[in-house]
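K.L.:
Pasting in a structure now, in structure tokens, and then I'll have a few things to ask.
The values are calculated or read from the model by the stated rules, or taken from the named source; none is laboratory data. As the structure is a computational prediction, the values presented were derived from the model and not from experiment. Reconstructed Cβ throughout: ideal geometry from the backbone, glycine too, with neighbour counts over all protein chains shown.
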Amino acid sequence: MLEIKNLHVKLTKEERVIINGLNLTVNAGEVHAIMGPNGSGKSTLSYVLSGREGYEVTAGSVTYKDEDLLAKSATDRAAKGVFLAFQYPIEIPGVATMQFLKVALNSQRKARGEKEMSTPDFMRYVKERAAKLNIGPDMLKRSINVGFSGGEKKRAEILQMAVLEPSLCILDETDSGLDIDALRVVADGVNTLRSPDRAMIVITHYQRLLDYIVPDFVHVLSKGQIVKSGDKSLAFELEAKGYAEYAGAAA
Amino acid sequence: MNVLVPKTLAETVFGLALPHRKMEDWRWTDLRQLIDKPYPPHQKVTASAQDIDRLVKSSPFAKMAGARMVFVNGHLSPRHSQLARENVATRLGSDEPVLQMNRAFATDGAHLKISGTTDMPIELLFLATRAEARTVATHNVIEVEQGASATIIETHIGEGSYLANSVTEIRLGEAARLDRVKVELEDEDAFHLAHANVTLGSSSALNDFTLTSGAGVNRQNSTVEFHGQNIDAKVSGAFMLGGKQHADTRLVIDHQQPHCSSRELFKCVMDNHARGIFQGKVMVRKHAQKTDGKQSSHALLLSETAEFDAKPELEIFADDVVCGHGATSGDLNHDHLFYLMSRGIPEADAKSLLIAAFVGEAFDVVVNENIREALAAFSNAWLTRRRRAR
């Protein structure tokens, strides 16, 4: 599904290189965890894959469903099934969550040549998914993420994912700021979406999240490269030993 | 007006001195420069029924239930109106230039006395039909009596090149309440020069909203005077400007009595070469203790060549008050834009959503839901036109 080859990325406005020769292959149905210390390039990877401005790819390629992902706009990537659950979901005053979800879903359907969903069908479709994430009608009426608690924001991200049904889900530090109960709700939401034709990249600093979302592969990112890959036992090893061993790996 | 500047042709014709840039309140809107030809007043214009009907229908509130007074080229059209002129006298005396011009040229206007409570909005619709360039001046006097309440919409629509001069004088009695909405949609070849004076009695409430989206040159001067205690006044506005439009709003909130509160929120969207100006002054007189006053203006610039100037002023003579002001100006938030696009919303749609959300915040002051919906529909139509022009 996704093939990242020798990816090099720097900030557009600075010379600093953040991703420095990254290779990663993700197949449909797989869950990959990417772990690493702060500043290793985890969030940058999520932004580069989802098409945020401000980054320059200086070398390498990203192929997604046999197409050049990097050539596409953020909008087109989303319509093709790429979804980023933000570490810090953005608050947008004045745009109601329900309206936003409807515009987003129907934009994607239109881009894929599918029929737009009618308002009554859409309401039913969202309410079903929202209920599973303990999201009531009140939250859906409010402006996107405005006045939401940390846990509500993360649940709202997962709701968007459940509504948009992407093929490639990138979860950026979804566990940050969550207490154990909220983490369980979010993880259940994510696990419900696991399927043979959907892949996930779970970016996290701590092993804790991986108790709930069990990965098929774990990769250690350091200084913009994947320096070690393994199965879920690698996550436990990291939790026990810390990242010190990898701090100088890419130097 | 004691600055010696040679008279322009327009002034010779008007027989009045026009405000110019050396006057502090008019520094951004030099009418001596901008009024490039005489706009003779008191011109008799014949308008066709089709033109009038088309303009009546183009009001954003055309489909809304309510009573109407329609003024065509400065004169009440009884055929289109359900309300008649009442006997309320003007009390305005001021040397404000637009008011002076109005005193000399006004031909008609809505004179209304509101007693009791009317749920139905009253729309005052001012139309200018296509004709020779001229001045069309109207003067409204609206009195909301003690304990009475009303919703009044003032809509200005026109075609062609003309100068609209509009004065609205409003008096709220004790515990009276007025929801006022003004929508300015004049032709882009037209001038809209307005002056509003609102006096508020004890325990009265004012919700005032102005949408400015028409005219090549718009200048609106408003003064809200607090004549009693425990008054709550909210004054909001929105600019939706494009092309080479110029809009200059000057608002003076004059707290003369204690225990009153005022809130002002202006959301200004400027595209292309448009220029918006907000001069907001909050005055708290010595006697007006415990005043709670807040003013803010926010501008969204959609092009490199659009411009916004803000001149917030606080003049406080009382020592026990809470007052503040803030002004911001910028382009669309890139994080917001990326967030919407990352969910599959095309860039142009995402921008329209964000612009509508930005400007829509100012609509919140409008209590009547149907009016708010009509404003939202206007804003969406404006955004669609903007996209088609690209």
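K.L.:
Can you name every residue in region B:317-339 that is in contact (Cβ under 8 Å) with a residue 24 or more places away in the chain and within 14 Å of another protein chain (Cβ to nearest Cβ)?
P.N.:
B:Thr328, B:Asp331, B:Leu332
K.L.:
Also, quick follow-up: Being more than 10 Å from chain B (Cβ to nearest Cβ), over 15 Å from A:Lys5 (Cα atoms) and not acidic (Asp, Glu) is the requirement here; does A:Thr63 meet it?
P.N.:
no
K.L.:
Against the definition (within 14 Å of another protein chain (Cβ to nearest Cβ) and either among the hydroxyl-bearing types (Ser, Thr, Tyr) or within 17 Å of the chain's Cα centre (by Cα) (or both)), how does A:Ser73 come out, yes or no?
P.N.:
For A:Ser73, the condition - within 14 Å of another protein chain (Cβ to nearest Cβ) and either among the hydroxyl-bearing types (Ser, Thr, Tyr) or within 17 Å of the chain's Cα centre (by Cα) (or both) - is met.
K.L.:
Looking at B:His195, B:His139 in this structure, which one is under 18 Å from the mean Cα position of the chain (by Cα), buried (at least 22 other Cβ atoms within 10 Å of the Cβ) and farther than 24 Å from B:Ala67 by Cβ? Show your work before the answer.
P.N.:
Details: B:His139 fails: farther than 24 Å from B:Ala67 by Cβ.
Only one candidate qualifies: B:His195.
K.L.:
While we're looking at this one, here's another question. Can we say B:Asn207 is more than 12 Å from the chain's Cα centre (by Cα) and at pLDDT 95 or above?
P.N.:
So B:Asn207 fits the description; yes.
K.L.:
Return only the number of the condition from (1) buried (at least 16 other Cβ atoms within 10 Å of the Cβ); (2) in contact (Cβ under 8 Å) with a residue 40 or more places away in the chain that A:Val146 does not satisfy.
P.N.:
(1)
K.L.:
Take the residues of region B:225-268 that are more than 12 Å from B:Ser297 (Cβ to Cβ) and β-branched (Val, Ile, Thr): which is surrounded by the most Cβ atoms within 10 Å (Cβ to Cβ)?
P.N.:
Top of the filtered list is B:Ile253.
K.L.:
From A:Val185, A:Val190, which residue is crowded, with 16+ Cβ neighbours inside 10 Å, at pLDDT below 90 and closer than 22 Å to A:Val126 by Cα? Spell out the reasoning first.
P.N.:
Values: A:Val190 fails: at pLDDT below 90.
Exactly one of A:Val185, A:Val190 is crowded, with 16+ Cβ neighbours inside 10 Å, at pLDDT below 90 and closer than 22 Å to A:Val126 by Cα, namely A:Val185.
K.L.:
Among (1) crowded, with 18+ Cβ neighbours inside 10 Å; (2) over 30 Å from A:Met117 (Cα atoms), there is one condition A:Val57 misses while meeting the rest; what is its number?
P.N.:
Every condition holds for A:Val57 apart from (1).
K.L.:
Another one. If A:Val9 satisfies every condition in (1) assigned to a strand (DSSP E or B); (2) at pLDDT below 95 but one, which is the exception?
P.N.:
A:Val9 satisfies all of (1) assigned to a strand (DSSP E or B); (2) at pLDDT below 95 except (2).
K.L.:
Continuing with this model, one more query. Going by what's in this entry, would A:Ala28 be described as aliphatic (A, V, I, L, M), in a helix (DSSP H, G or I) and either more than 14 Å from every other protein chain (Cβ to nearest Cβ) or more than 25 Å from A:Ala235 (Cα to Cα) (or both)? Explain how you work it out, then say what you get.
P.N.:
Numbers: aliphatic (A, V, I, L, M): yes; in a helix (DSSP H, G or I): no; either more than 14 Å from every other protein chain (Cβ to nearest Cβ) or more than 25 Å from A:Ala235 (Cα to Cα) (or both): yes.
In short, no.
K.L.:
Note down all Cβ pairs under 8 Å where the first residue falls in region A:79-107 and is more than 13 Å from B:Tyr339 (Cβ to Cβ) and more than 9 Å from chain B (Cβ to nearest Cβ), the second is of a type outside the set (A, V, I, L, M, F, W, C) and crowded, with 23+ Cβ neighbours inside 10 Å, and they're at least six residues apart or on different chains.
P.N.:
Matching pairs, first to second residue: A:Gly81/A:Pro166.
K.L.:
So, in region B:166-188, how many residues would count as being part of a strand (DSSP E or B) and either out of contact with any helix residue (DSSP H, G or I) (no Cβ under 9 Å at 6 or more places or on another chain) or closer than 10 Å to B:Val144 by Cβ (or both)?
P.N.:
Looking only at that region, the number is 10.
K.L.:
Looking at this structure, is A:Met161 at pLDDT 95 or above, among the aliphatic types (A, V, I, L, M) and not in a helix (DSSP H, G or I)?
P.N.:
Criteria not met by A:Met161.
K.L.:
Against the definition (within 14 Å of chain A (Cβ to nearest Cβ), out of contact with any strand residue (DSSP E or B) (no Cβ under 8 Å at 6 or more places or on another chain), closer than 30 Å to A:Pro89 by Cα and modelled with pLDDT of 95 or more), how does B:Ser352 come out, yes or no?
P.N.:
yes
K.L.:
Of all residues in region B:108-129, which are in contact with a His (Cβ under 9 Å, 6 or more places away or on another chain) and either modelled with pLDDT under 95 or aromatic (Phe, Trp, Tyr) (or both)?
P.N.:
Listed by number, the list holds a single entry, B:Phe126.
K.L.:
Tell me whether region B:301-316 contains one or more residues that are under 21 Å from the mean Cα position of the chain (by Cα), within 12 Å of another protein chain (Cβ to nearest Cβ) and either surrounded by 15 or more Cβ atoms within 10 Å (Cβ to Cβ) or in a strand (DSSP E or B) (or both).
P.N.:
No - not one qualifying residue is present in region B:301-316.
K.L.:
I'm checking my understanding of the structure. Among residues of region B:357-376 that are closer than 30 Å to A:Ala78 by Cα and touching a Phe, Trp or Tyr at 6+ places or on another chain (Cβ under 9 Å), which one is nearest to the other protein chains (Cβ to nearest Cβ)?
P.N.:
Ranking the qualifying residues of region B:357-376, first place goes to B:Val359.
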